[in-house]
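The values are calculated or read from the model by the stated rules, or taken from the named source; none is laboratory data. These figures come from a predicted structure and were not determined experimentally. Note that each Cβ is placed from the backbone with ideal geometry, even for glycine, and that neighbours are counted across all protein chains shown. Heads up: the accessible areas ignore ligands, DNA and RNA and are worked out on the full protein's heavy atoms, side chains in. Shrake-Rupley method; radii C 1.70, N 1.55, O 1.52, S 1.80 Å.
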Amino acid sequence: MIVAIDGPSAAGKGTLSRRLAATLGYHHLDTGLLYRAVGARLLATGADPADAEAAAAAARKLGPADIAREGLREEDVGRAASVVAANPAVRAALVEFQRRFAAQPPGAVLDGRDIGTVICPGAEVKLYVVASAEVRARRRHDELRGRGEPATYAAVFRDLQERDARDQARGTAPAKPAEDAIVLDTTDLTADEVFAQAIGIVRSRSS
Ligand code: CDP
């Protein structure tokens, strides 16, 4: 059983996916970490994330240890991730790893942008989690402040809009709901309410 959770930045995919995986006893992969790890490798070597060849080489060398590194959640890494994610060679290099992860028994929850459309088009459950840009910026701002990272709401909001635009405009695997995805708008929902709806959908598909 594969559960695909896609959607834009800070819509609540991570929180929902972790909780679904823990409840179902499934494996969980935050696929954003793969792109973040590629971005982090480039930043560490002083390479430009927009350098297509350097980014593709970094993606091909990526191993499981790279996605367990510290610092991948930092904002500059997120920005680099968003740039390398538009590179088709980077995306191609990461496909097999994600598909193998998804195939593990008894099941897997993968969250990202293109899980239901490109990585696992046959997933039994596909959710596309959205929320208004204002609410997503507020959530991301709270998260950063909670970790002690300095950030203004205005800067977070601007950054989120730039990432949305890059994710949606890219030619390869643009972020969009699969035709058979259920769209879950979390703008006015608590994390508990989102989880209740999602687990209900998963259970209805697995019985
Ligand atoms: O939530 P946020 O965008 O900050 O981060 P993330 O989900 O960790 O993803 C980092 C970046 O990787 C995003 O800005 C996307 O551009 C990209 N990404 C992607 O293209 N495809 C995925 N399956 C996951 C992430």
**Message:** Placing unit charges on C-beta atoms (Lys and Arg positive, Asp and Glu negative, everything else neutral), compute the dipole magnitude of the chain about its Cα centre in debye, rounded to 20.
**Reply:** 340
**Message:** Multiplying the sequence separation of GLU162 and THR15 by 0.36 nm and subtracting their Cα-Cα distance, what value in nm do you get?
**Reply:** 50.7 nm
**Request:** Find the centroid of the Cα atoms in the range 158-207 and in the range 33-83, then give the distance between the two in whole Å.
**Result:** 24
**Message:** Past the 26 angstrom mark, what percentage of all C-alpha to C-alpha distances in the chain do you count?
**Reply:** 31
**the range 64-103: GluC sites (Glu not before Pro) in DSSP coil with no more than 11 other Cβ atoms inside 10 Å** = GLU70
**Prompt:** Which of ALA47, ALA58, ALA81 moves the most in a Gaussian network model of the chain with Cα springs under 10 Å?
**Reply:** ALA47
**Prompt:** From the phi of every residue in the range 88-97, what ³J(HN,Hα) in whole Hz does the Karplus formula 6.51 cos²θ - 1.76 cosθ + 1.60 yield, where θ is phi - 60° and glycine or proline is x?
**Reply:** x, 5, 5, 4, 4, 5, 9, 5, 4, 4
**Message:** Bins of 10 Å, beginning at zero and ending with the bin holding the largest distance: percent of Cα pairs per bin for the range 75-146, please.
**Reply:** 15, 37, 35, 13
**Request:** Rank-order 116-129, 17-30, 188-201 by packing density, defined as the average count of other C-beta atoms within 10 Å over each peptide's residues, highest first.
**Result:** 116-129, 17-30, 188-201
**Item:** Residue among LEU127, ALA10, THR186 farthest towards the positive dipole end of the chain, charges placed on Cβ
**Value:** LEU127
**Prompt:** Rounded, prolate or oblate: which fits the range 108-207 when a ≥ b ≥ c are the square roots of the eigenvalues of the alpha-carbon gyration tensor, with rounded for a/c under 1.5 and prolate only if a/b beats b/c?
**Reply:** oblate
**Fill in**
Calculated from DSSP helices alone, with each H run of at least 4 adding -39500 (n - 2.57) and the total divided by the residues of the chain, [θ]222 nm to the nearest 500 comes to -16500 deg cm²/dmol
**Asked** Can you list the HN-Hα couplings for the range 119-132, worked out from phi with the Karplus curve (6.51, -1.76, 1.60; θ = phi - 60°), rounded to whole Hz and with x for Gly and Pro?
**Response** 6, 10, x, x, 3, 5, 10, 10, 10, 10, 8, 10, 7, 4
**Asked** Near the amide H of ASP185, under 5 Å away, which other amide H atoms are found, from residues 5 or more places off or on another chain, if H is placed in the peptide plane?
**Response** VAL130
**Fill in**
Counting only protein heavy atoms with a 1.4 Å probe and every protein chain in place, the carbon and sulfur fraction of the accessible surface of the chain in whole percent equals 53
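Run the numbers on the chain and let me know its relative contact order in percent, using alpha-carbon pairs under 8 Å that are six or more apart.
Values: 324 pairs, mean separation 70.1, N = 207.
Relative contact order, the chain: 34 percent.
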